[in-house]
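These notes are about the structure you will find just below.
The values are calculated or read from the model by the stated rules, or taken from the named source; none is laboratory data. The structure presented is a predicted model; accordingly, all values stated were derived computationally and were not measured. Cβ placement follows ideal geometry from the backbone for every residue including glycine, while neighbour counts extend to all protein chains displayed. SASA here: full protein model, heavy atoms, side chains in, ligands and nucleic acids out. Shrake-Rupley method; radii C 1.70, N 1.55, O 1.52, S 1.80 Å.
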Amino acid sequence: MYRNLEDCIIDLEKNGHLVRIREEVDPYLEMAAIHMKVYEASGPALLFENVKGSKFRAVSNLFGTLERSKFIFRNTLEAVQNVMALRNDPIKALKNPLKHITTGLAAWKALPLKTSESIPVTAQEINISDLPLIQHWPMDGGAFITLPQVYSEDPEKPGIMNSNLGMYRVQLGGNEYEMNKEIGLHYQIHRGIGVHQEKANKQGVPLKVSIFIGGPPAHTLSAVMPLPEGLSEMTFAGLLAGRRFRYSYIDGFCISHDADFVITGEIHPGETKPEGPFGDHLGYYSLTHPFPLMKVHKVYAKPNSIWPFTVVGRPPQEDTSFGELIHELTGDAIKQEIPGVKEVHAVDAAGVHPLLFAIGSERYTPYQQVKQPTEMLTIANRILGTGQLSLAKYLFITAEENQPIDTHCEADFLTYILERIDLHRDIHFYTNTTIDTLDYSGTGLNSGSKVVFAAYGDKKRDLCQAVPGILNELREFENARLVMPGIVAIQGPKFIDYTKAQQEIQGLCDAIQAKGPIPSCPMIILCDDSPFMSDTIKNFLWATFTRSNPSHDIYGVNSYYENKHWACDNLIIDARIKPHHAPPLVPDATVEKNIERLFVKGASLGGLNLR
């Protein structure tokens with residue numbers, strides 16, 4: 001168990017999981033570019049010993065592989081899994097109390113500890129400008145903290161056991177922020193700190209916030225864990241670290257004794273400033289919007305402190321590995337929360353939130369000869385009403401019958417659904433609702449639509465294994481490419497506006513209908529670049545589901561409404577880039593060339609085997 005971040009770094013280095021970078025590296029784009037190159041090759045954690053413009057070291061890629069994450073938490077992983085399982089299913093403890101007594105003791109011993117011992121992190125007071133100001137992408141609004149632990153307490157029930165520890169990006173400078181005095185906090189809907197701020201606003205008082213950076217890796221992971229009701233992030237931090245979370249208060253602000261850095265400050269009612277842009281996990285920039293302003297009170301740093309960071313962008317990135325570790329820890333929590341669910345997979349290649357694959361149950365009408373979705377529609381509603389899953393746009397759901405299904409085998413899962421879906425019955429829209437803040441495919445910030453594709457029963461069709469000839473004979477739509485069985489991508493003219501798009505796609509639908517039915521191709525993707533779309537399944541998942549809003553961008557051949565239910569013969573998804581979309585993330589070519597100096601023989605990263 002690690003007392004601090006440096007303990008972890010020493011342990012990783014001893015065991016071949018970390019490499020030191022001796023050369024000076026620029027925090028403007030270079031550090032991020034190096035991190036992404038190493039992460040892509042499943043490389044080691046990186047300790048940057050010479051950050052240009054800062055006296056502090058920085059570390060990244062700590063959680064870059066599931067193997068390394070399991071190594072970091074090797075002494076506490078099983079105990080945490082036991083506690084999580086017990087929280088998800090408390091009846092287990094009643095059935096076998098002696099077996100689970102140690103699990104309860106482990107949780108009790110993990111409770112946070114208020115202490116008057118010396119506080120290493122307050123050894124020096126510094127300024128925001130002294131920190132490693134890391135900018136990841138060329139169009140970012142400034143430098144950001146990407147692994148913060150943002151701590152706030154409930155104004156109505158103060159104290160650590162009613163606190164929230166979350167990971168919300170923090171902008172350190174740029175835009176209209178006054179350096180060293182103001183920083184920006186970006187948090188999405190459903191986030192705990194938003195509840196605290198609302199209560200503080202009603203009282204007309206500022207919300208006190210502490211931002212912890214570094215400390216034992218368990219503290220970082222605790223800030224992103226989806227925890228069961230009644231298990232606080234601070235208790236979880238102690239449980240995973242194998243050591244209680246130590247804290248005290250200075251000037252009314254909570255201080256983590258084990259953090260490398262702490263920034264304290266206040267969010268005042270109604271005060272915002274423009275935050276962003278920021279290259280985000282969907283693979284696009286999240287744009288500039290007004291978000292809460294935090295007035296900096298003090299910035300602390302412990303001796304020899306280390307600044308942890310990660311880089312987000314089009315998946316997979318290090319947060320992909322975070323997700324794998326979280327799944328290892330939480331296990332079957334979703335089964336307990338939503339009865340009838342066997343599995344829910346937020347598809348990483350599509351940016352996580354836009355696309356869900358799920359396996360449910362179908363037990364309502366076993367006596368019916370015609371098999372069709374019934375119970376799984378109820379389950380779909382539960383999924384789309386649960387926590388972060390409610391931000392999804394697309395949900396594909398089925399139930400196992402005569403063969404096992406794996407939602408993580410994306411092509412096989414989609415094949416199973418497309419072979420069985422009744423396009424006249426099994427498509428269900430939800431309009432004018434909420435989507436992810438970072439998703440710009442909708443009608444406004446947090447606003448968009450959802451669709452459920454629920455398929456069950458006997459196989460209805462054989463899927464095309466090549467592009468049907470009809471799709472090679474269309475005017476204005478060209479370069480038809482097979483993405484996978486049953487799905488074809490075709491290129492269309494550049495998207496202008498929705499009025500023009502409706503005319504274009506109605507023409508496409510009429511042309512296909514006139515040439516005859518193609519039941520073997522239930523899904524057609526209209527795009528800007530069909531060779532890119534069809535090159536890999538990951539390209540298809542990313543471009544299709546991040547660039548479309550179901551209510552506006554789904555069309556159909558021979559589509560019609562019957563009693564307000566929409567139906568069609570072939571589904572068309574318009575995944576072209578639209579004017580209101582955020583720009584995709586593109587690395588800086590000059591920076592990519594500059595960092596090659598670190599990978600040559602004799603340089604710090606010259607010995608890495610980068611595939």
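Of everything in segment 307-325 that's in a helix (DSSP H, G or I) and closer than 19 Å to residue 143 by Cβ, which residue is modelled with the lowest pLDDT?
The selected residue is 319.
Is there a residue being surrounded by fewer than 19 Cβ atoms within 10 Å (Cβ to Cβ), touching a Cys at 6+ places or on another chain (Cβ under 9 Å), of a type outside the set (Lys, Arg) and in contact (Cβ under 8 Å) with a residue 60 or more places away in the chain anywhere in segment 549-568?
yes
Within segment 155-196, restricting attention to residues that are under 24 Å from the mean Cα position of the chain (by Cα) and of a type in the set (S, T, N, Q), which residue is farthest from residue 435 (Cα to Cα)?
Per the criteria, the residue is 163.
Filter segment 583-611 down to the residues that are closer than 19 Å to residue 313 by Cα and open to solvent by less than 10 Å² (accessible area, probe 1.4 Å) and list them by number.
Across segment 583-611, the qualifying residue is only 595.
Which of the residues that make up segment 134-153 are closer than 26 Å to residue 197 by Cβ and part of a loop (DSSP other than H, G, I, E, B)?
If the condition is that a residue be closer than 26 Å to residue 197 by Cβ and part of a loop (DSSP other than H, G, I, E, B), then 140, 141, 142, 143, 146, 147 are the ones that fit.
Can you find a residue that is out of contact with any Asp or Glu (no Cβ under 9 Å at 6 or more places or on another chain) and outside any loop (DSSP other than H, G, I, E, B) anywhere in segment 171-179?
no
Name the residues in segment 258-283 that are in a loop (DSSP other than H, G, I, E, B), open to solvent by less than 10 Å² (accessible area, probe 1.4 Å) and touching a Pro at 6+ places or on another chain (Cβ under 7 Å), would you?
The answer is 283, and nothing else.
Can residue 442 be described as open to solvent by less than 20 Å² (accessible area, probe 1.4 Å), in a loop (DSSP other than H, G, I, E, B), at positive phi and in contact (Cβ under 8 Å) with a residue 40 or more places away in the chain?
No, not satisfied.
Tally the residues that are open to solvent by less than 40 Å² (accessible area, probe 1.4 Å) and under 28 Å from residue 588 (Cβ atoms), restricting the search to segment 119-144.
So the answer is 12.
Can you work out which of the residues in segment 245-257 that are touching a His at 6+ places or on another chain (Cβ under 9 Å), of a type outside the set (Ser, Thr, Tyr) and part of a strand (DSSP E or B) is modelled with the lowest pLDDT?
Filtering segment 245-257 for residues that are touching a His at 6+ places or on another chain (Cβ under 9 Å), of a type outside the set (Ser, Thr, Tyr) and part of a strand (DSSP E or B), the one modelled with the lowest pLDDT comes out as 246.
Here is a list: 525, 505, 518, 512. Which entry is part of a strand (DSSP E or B) and in contact (Cβ under 8 Å) with a residue 40 or more places away in the chain?
Within the list 525, 505, 518, 512, the selection yields 525.
Return the residues of segment 450-479 that are more than 24 Å from residue 420 (Cβ to Cβ) and touching a strand residue (DSSP E or B) at 6+ places or on another chain (Cβ under 6 Å); say none if nothing qualifies.
Passing the criteria: 472, 477, 478, 479.
Yes/no per residue for (1) in a strand (DSSP E or B); (2) out of contact with any Leu (no Cβ under 8 Å at 6 or more places or on another chain); (3) among the acidic types (Asp, Glu):
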| residue | (1), (2), (3) |
| --- | --- |
| 548 | no, yes, no |
| 561 | yes, yes, no |
| 566 | yes, yes, no |
| 580 | no, yes, no |
| 590 | no, yes, no |
| 596 | no, yes, yes |
| 608 | no, yes, no |
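Among residues belonging to segment 386-409 that are open to solvent by 40 Å² or more (accessible area, probe 1.4 Å) and over 18 Å from the mean Cα position of the chain (by Cα), point out the one that is farthest from residue 362 (Cα to Cα).
Within segment 386-409, the match that is farthest from residue 362 (Cα to Cα) is 409.
Given the condition of a type in the set (Asp, Glu), touching a residue at least 24 places away in the same chain (Cβ under 8 Å) and in a loop (DSSP other than H, G, I, E, B), answer yes or no: does some residue in segment 462-469 qualify?
yes
For residue 542, work out the one condition from (1) exposed (fewer than 15 other Cβ atoms within 10 Å of the Cβ); (2) aromatic (Phe, Trp, Tyr); (3) in contact (Cβ under 8 Å) with a residue 60 or more places away in the chain it doesn't fulfil.
All conditions pass for residue 542, except number (1).
Would a scan of segment 486-502 turn up a residue that is open to solvent by 40 Å² or more (accessible area, probe 1.4 Å), farther than 26 Å from residue 581 by Cβ and of a type outside the set (Phe, Trp, Tyr)?
Looking for residues that are open to solvent by 40 Å² or more (accessible area, probe 1.4 Å), farther than 26 Å from residue 581 by Cβ and of a type outside the set (Phe, Trp, Tyr), one finds none in segment 486-502, hence no.
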